[in-house]
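Peer 1: Shown below is the structure under consideration.
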Amino acid sequence: MRESNELKDEFLAITAHEFRTPLTIILAHSQMMARLLRRIPNLDLNTASRLDESISSVETQTRQLTNIVNTFLEVTRLNRGQITLAREIIDMEELIAESVNNHRTTSTLHAISYTIESAKRAYIVNGDKARLLQIFANLLQNAIKYSPPEGVITVTLKQMSNGEGQSMVEVSIQDQGIGIPKDAQSRLFERFYRAPNIAGGQTRGVGLGLYIVAEFLRMHSGTIRVESRGIPGEGSRFIFTLPLLQDEEMRS
Ligand SMILES: Nc1ncnc2c1ncn2[C@@H]1O[C@H](COP(=O)(O)OP(=O)(O)O)[C@@H](O)[C@H]1O
Ligand SMILES: [Mg+2]
């Protein structure tokens, strides 16, 4: 098992480095073709629209592949301890609202509902914005991927204490999807692990999303856990926490 993960890690590292340059070049050329297309005189409408569709399809697929390669690169960096976090003051409510809205356009079928439990103050954290967005996006994308199209996804934010006097923001993402068997739950955050699909369907993936989520949270002194009874349709809930910035820390 360990050996096979090491082989996969090696493959990731090679892919991450070798694929990036060609992908950047393909993307640049497809963008140039789209621009040139508009300059071709006397092109009939039908041909123009078909070419336009082909070029956009190349562009979309290249972006998807680039996302996968970027995931490989992040995992390679995590394995080698090469990630350093940027630190800035972030309003989690804004960050999540932004991400939810981006996903609404990519998943028009899912009803993503979004509630914020009344708080006396804003949920401000000190963290790496790109990485915090990645954490939330990976969880939301899973909720979308492992739920039926009409499933409701509920995102909740609230404040809690971690038991050591530290105030935390708790973000929960609840879906109505296939759920996760109890005996698979402890392994979900391992890299490359994918749970047996209890609904019997097939979904694509490499099993790195939750590993990245857990590692990024650990680097931010946060936590993650999952709750699911493993009953299809009852869904899963992923809950993560991050330390809230205290008022006095914000002033200093
Ligand atoms: N919301 C969810 N509902 C059901 N299963 C999930 C959910 N999120 C994650 N999983 C399970 O956890 C596994 C690991 O997730 P992840 O690391 O994001 O990898 P991937 O999505 O590429 O398979 C998934 O393969 C799936 O079995
Ligand atoms: Mg995933």
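Peer 1: Sorted by accessible area with a 1.4 angstrom probe, largest first, how do F11, F240 fall?
Peer 2: Sorted by accessible area, descending: F11, F240.
Peer 1: Let me ask you something else. Which value at 222 nm does the chain reach when only helices count, each DSSP H run of 4 or more adding -39,500 (n - 2.57), with the total divided by all residues and rounded to the nearest 500 deg cm²/dmol?
Peer 2: Only helices count here, giving -16000 deg cm²/dmol.
Peer 1: Under a cut-off of 16 Å between alpha-carbon atoms, report the aspartates and glutamates in cross-link reach of K8, not counting same-chain residues fewer than 8 places apart.
Peer 2: Output for K8: E18, E74, E190.
Peer 1: Let me ask another. Report, in degrees rounded to the nearest 10, the 0 to 90 angle that the Cα long axis of helix 45-79 makes with the longest principal axis of the chain.
Peer 2: 40
Peer 1: Compare T15, T84, T60 by solvent-accessible area with a 1.4 Å probe and give them largest first, with all protein chains kept in place.
Peer 2: The most accessible residue leads, giving T84, T60, T15.
Peer 1: Put +1 on the Cβ of every Lys and Arg and -1 on every Asp and Glu Cβ in the chain; which of L217, A143, T15 then has its Cα farthest towards the positive end of the dipole?
Peer 2: T15
Peer 1: Here's a follow-up. Taking the C-alpha atoms of the chain, how large are the radius of gyration and the largest Cα-Cα span, Dmax, in Å?
Peer 2: Computed over the Cα atoms of the chain, radius of gyration and Dmax are 20.8, 72 Å.
Peer 1: So, one more: Can you give me the long-range amide H partners of I112? Hydrogens built in the peptide plane at 1.01 Å from N, cutoff under 5 Å, separation of 5 or more residues or another chain.
Peer 2: I153
Peer 1: Long-range amide H contacts for Q159: which residues qualify at under 5 Å (H placed 1.01 Å from N, peptide plane, sequence gap of 5 or more or a different chain)?
Peer 2: Amide H to amide H, under 5 Å and 5 or more residues apart or across chains, Q159 pairs with E170.
Peer 1: Taking the Cα centre of region 88-251 as the origin and placing charges on Cβ (Lys, Arg +1; Asp, Glu -1), which of V155, I89, Y123 is farthest toward the positive end of the dipole?
Peer 2: About the Cα centre, the residue reaching furthest to the positive side is V155.
Peer 1: Angle check, please: helix 129-145 long axis (alpha carbons) against the longest principal axis of the chain (alpha carbons), in degrees 0 to 90, nearest 10.
Peer 2: 80
Peer 1: Also, I was wondering about something else. Test of understanding: in a Gaussian network model of the chain with alpha carbons linked when under 10 Å, which of L45, L139, L210 would top the mean-square fluctuation ranking?
Peer 2: Looking only at L45, L139, L210, the biggest GNM fluctuation is shown by L45.
Peer 1: Mind checking the dipole of the chain: about its Cα centre, +1 per Lys or Arg Cβ, -1 per Asp or Glu Cβ, Debye to the nearest 20?
Peer 2: I would put it at about 380 debye.
Peer 1: Sequence gap at least 6, Cα distance under 8 Å: using those rules, report the relative contact order of the chain to the nearest whole percent.
Peer 2: The normalised contact order for the chain reaches 17 percent.
Peer 1: What whole-number value in Å² describes the accessible area per residue of region 17-129 for a 1.4 Å probe?
Peer 2: 67
Peer 1: Using the Cα centre of region 2-79 as origin and beta-carbon charges of +1 (Lys, Arg) and -1 (Asp, Glu), tell me which of I26, P41, I68 is placed farthest towards the positive end of the dipole.
Peer 2: The one lying farthest along the dipole's positive direction is P41.
Peer 1: Let me ask something additional. Hey, what do the phi angles of region 88-97 turn into as Karplus ³J(HN,Hα) couplings, whole Hz, using 6.51/-1.76/1.60 and θ = phi - 60°, x for Gly and Pro?
Peer 2: 8, 7, 10, 8, 4, 4, 5, 4, 6, 4
Peer 1: Not counting ligands, DNA or RNA, and with a 1.4 Å probe, what is Y146's accessible surface area in Å² rounded to the nearest 10?
Peer 2: Counting only protein heavy atoms, the figure is 60 Å².
Peer 1: Give me the percent of the accessible area of region 2-79 that comes from carbon and sulfur atoms, probe 1.4 Å, all protein chains in place.
Peer 2: Percent of accessible area from carbon and sulfur atoms in region 2-79: 57.
Peer 1: Rank these residues by their accessible area, most exposed first, probe 1.4 Å: V213, V206.
Peer 2: Ranked list, largest accessible area first: V206, V213.
Peer 1: In a Gaussian network model over the chain where Cα atoms closer than 10 Å are linked, find which of H220, H29, H17 has the largest mean-square fluctuation.
Peer 2: Of H220, H29, H17, the Gaussian network model singles out H29 as fluctuating most.
The values are calculated or read from the model by the stated rules, or taken from the named source; none is laboratory data. What you see is a predicted model; the values in this text were computed from it and never measured. Note that we place each Cβ from the backbone using ideal geometry, even for glycine, and neighbour counts take in every protein chain shown. The accessibility values were calculated without ligands, DNA or RNA, using every heavy atom of the protein model including side chains. Shrake-Rupley method; radii C 1.70, N 1.55, O 1.52, S 1.80 Å.
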